[in-house]
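Data first, discussion second: the structure below is written as structure tokens.
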Amino acid sequence: MVLGYSRAMYIEFTHRSGGYLYYFSELDCSVCPLKEGYLKNTQTRKRIYLRPEVFTYRLCSIKRAMRIRKTIERVFGEVKTWHCLYRARYRGLARVTVQVLLTFLVVNAKKMATGLAARGSVCACQP
């Protein structure tokens, strides 16, 4: 399916650099309900160049980014829920900056203490 069409309304050519070049006919583009979104004023038909390998690489990079995003979002969710950062306590950029920095300092200290206790480097029960 290309540009919302379920049936083949285009001509497909293999491009010299390995992708596919799609040419849509002027008649099909003139009756298309989506033409305002993808045609410029001077264009009467649309050409699209696609490389299939771009989509496979994009999927790998999106999966990697979502793994990193998941850990970051979890930390922000904890800070908003348990450390009252859903609303600023003070007014003014400088005071709010101090509040955010101190809150994340506490969260990072808690994470370091938990990690050290899990490795057995520090006993969590001793003062």
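With the requirement that a residue be assigned to a loop (DSSP other than H, G, I, E, B), of a type in the set (V, I, T) and either over 30 Å from F24 (Cβ atoms) or touching a helix residue (DSSP H, G or I) at 6+ places or on another chain (Cβ under 9 Å) (or both), what does segment 40-83 give you?
Result: T44, single match.
Just need a number here: residues in segment 15-48 that are at pLDDT 70 or above and in contact with a strand residue (DSSP E or B) (Cβ under 6 Å, 6 or more places away or on another chain).
Here the count works out to 10.
Pick from segment 84-110 the residues that are part of a loop (DSSP other than H, G, I, E, B) and over 26 Å from the mean Cα position of the chain (by Cα): which of them is surrounded by the most Cβ atoms within 10 Å (Cβ to Cβ)?
Top of the filtered list is A88.
In segment 49-63, is there at least one residue being closer than 30 Å to G18 by Cα and either modelled with pLDDT of 90 or more or surrounded by 12 or more Cβ atoms within 10 Å (Cβ to Cβ) (or both)?
Yes - at least one qualifying residue is present in segment 49-63.
If you take the residues in segment 64-83 that are among the aliphatic types (A, V, I, L, M) and touching a residue at least 12 places away in the same chain (Cβ under 8 Å), which one is surrounded by the fewest Cβ atoms within 10 Å (Cβ to Cβ)?
Per the stated criteria, the residue is V75.
The values are calculated or read from the model by the stated rules, or taken from the named source; none is laboratory data. Computed from a prediction, not measured in an experiment: that's the story for all the values here. Cβ coordinates were reconstructed from backbone atoms using ideal geometry, including for glycine residues, and neighbour counts include every protein chain displayed.
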